[in-house]
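K.L.:
Sharing a structure here in structure tokens format.
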Amino acid sequence: MEALLTVAGSDYSRGMANADTNIAVDEQAWILKAQRADARAFEVLYRLHVDKIYGLCLRMTGNVSEAEDCTQEAFIQAWNKMAKFRGDSAFATWLHRIAVNAVLGRIRKSKREQDRIQAVSDVQPARVVTGDTGELRDLAAAVDRLPERARHVFVLNAVYGYSHEEAAGMLGIAAGTSKAQLHRARRLLMQQLEEQGFTA
Amino acid sequence: MTEEFDDKLDRAARQLATEIAPERDLWPDIATAITQPRRSRWTPMFAQAAALVLLVGASSAITYVSVKNDSQPVVSIEPELVFEQTSFGANYNLGPGFQDARNSLRAELDVELMRLSPEARTNIQENLDLIHTAISDINVVLEKEPENVLLQQMLLRAYREELTLLSRVGGLTRNLTMRNDI
């Protein structure tokens, strides 16, 4: 298995070293193999996209443990749904949608949000490793403290660049609600960040 | 001031890392999950209960035909009806209308059975036994999987079959409609 992973990794690395076109072609080949239940091909896709999916889950949950669980759940669901992927959207976008669903599903299963926040604050490491520095780290921490819906909309819209319509579709809310939640998120972030000198 | 803040906030948000490497390799757990054969929820007992429900449906129809054409006065029998107590989990409840209809039909059953031939009575008793066996079997599986919606639906179907059978025996269908509140 280790040798196979090395081969797969090499193919992937070569694709990354070339142009985006090559990556897309390579990815398409792996997708086709994964759709034929090739777990090794799916692992290549996993390694190609895991940072994107984990990043999204971490931003949405604000918690390492939950982000890991959601990432794993998202890839397991993706494996089960591979045959349904028809390429209408980019594979990364398709995975993003599954990851958002995994996060929302996990939240639905959990107890009240307040309990979750309390539990998270009890077990969460002091610093989540995101690569953010300086003011960005303060911003990331402030985003983590946002209420659930406002946080989700802010992450999808402001961080990942999805339109309100796209974010609303992923979250199962109306586009108007997405706009209202973004406004709410901005006001709450302003309250938090101004105290830390993050001013215009 | 607010717009300026929003602009700065949006610029900063776009600089936040969107690709973050997990602190540990998550693949081994995923590999285990996707390579393990999925546990079928269609357990042998589950399948047996489903088959019983189907059998009850077909058998009830035959009983209906038999009862419909039978008008011979006969000696009464004492049917031993044992009704299962059950829990439907969080998704279904037996409505009070269902319980009322069932109690009423049970009270009428003795009288109605007296009008039937021994063969028809035996047929009805066998059907009722089948239904009660199905209900009992489904309840056993439901205890292990109380939130299994399919099982809950099967149990409801079994109760509906019982209600339908009782109402057919009593010729009371005119007073009943399909219960949607159970």
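K.L.:
Anything in the stretch A:52-66 that is of a type in the set (S, T, N, Q) and either in a helix (DSSP H, G or I) or at the interface with chain B (Cβ under 9 Å from one of its Cβ atoms) (or both)? List them, or say none.
P.N.:
A:THR61, A:SER65 - these are the residues of the stretch A:52-66 that are of a type in the set (S, T, N, Q) and either in a helix (DSSP H, G or I) or at the interface with chain B (Cβ under 9 Å from one of its Cβ atoms) (or both).
K.L.:
Let me spell it out: the conditions are (1) under 27 Å from A:SER163 (Cα atoms); (2) modelled with pLDDT under 90, and A:VAL103 meets all of them except one. Which number is the exception?
P.N.:
(2)
K.L.:
Taking only the stretch B:1-60 into account, find how many residues are more than 7 Å from every other protein chain (Cβ to nearest Cβ), modelled with pLDDT under 70 and farther than 30 Å from B:GLU162 by Cα.
P.N.:
3
K.L.:
For the stretch A:164-180, does any single residue satisfy the condition of being part of a loop (DSSP other than H, G, I, E, B), surrounded by fewer than 21 Cβ atoms within 10 Å (Cβ to Cβ), at the interface with chain B (Cβ under 9 Å from one of its Cβ atoms) and without any contact (Cβ under 8 Å) to a residue 12 or more places away in the chain?
P.N.:
Scanning the stretch A:164-180 turns up no residue that is part of a loop (DSSP other than H, G, I, E, B), surrounded by fewer than 21 Cβ atoms within 10 Å (Cβ to Cβ), at the interface with chain B (Cβ under 9 Å from one of its Cβ atoms) and without any contact (Cβ under 8 Å) to a residue 12 or more places away in the chain.
K.L.:
Would you check if A:GLY131 is at pLDDT below 95, surrounded by fewer than 21 Cβ atoms within 10 Å (Cβ to Cβ) and closer than 13 Å to A:LEU56 by Cα?
P.N.:
No, not satisfied.
K.L.:
Could you please find all residues in the stretch A:67-87 being farther than 18 Å from A:LYS33 by Cα and more than 7 Å from chain B (Cβ to nearest Cβ)?
P.N.:
Listed by number, the residues that qualify are A:ALA67, A:ASP69, A:CYS70, A:GLU73, A:ALA74.
K.L.:
One residue is enough: does the stretch A:41-51 have a residue meeting the conditions more than 9 Å from every other protein chain (Cβ to nearest Cβ) and not in a helix (DSSP H, G or I)?
P.N.:
no
The values are calculated or read from the model by the stated rules, or taken from the named source; none is laboratory data. What you see is a predicted model; the values in this text were computed from it and never measured. As a convention, Cβ positions derive from the backbone with ideal geometry for all residues, glycine included, and neighbour counts pool all protein chains shown.
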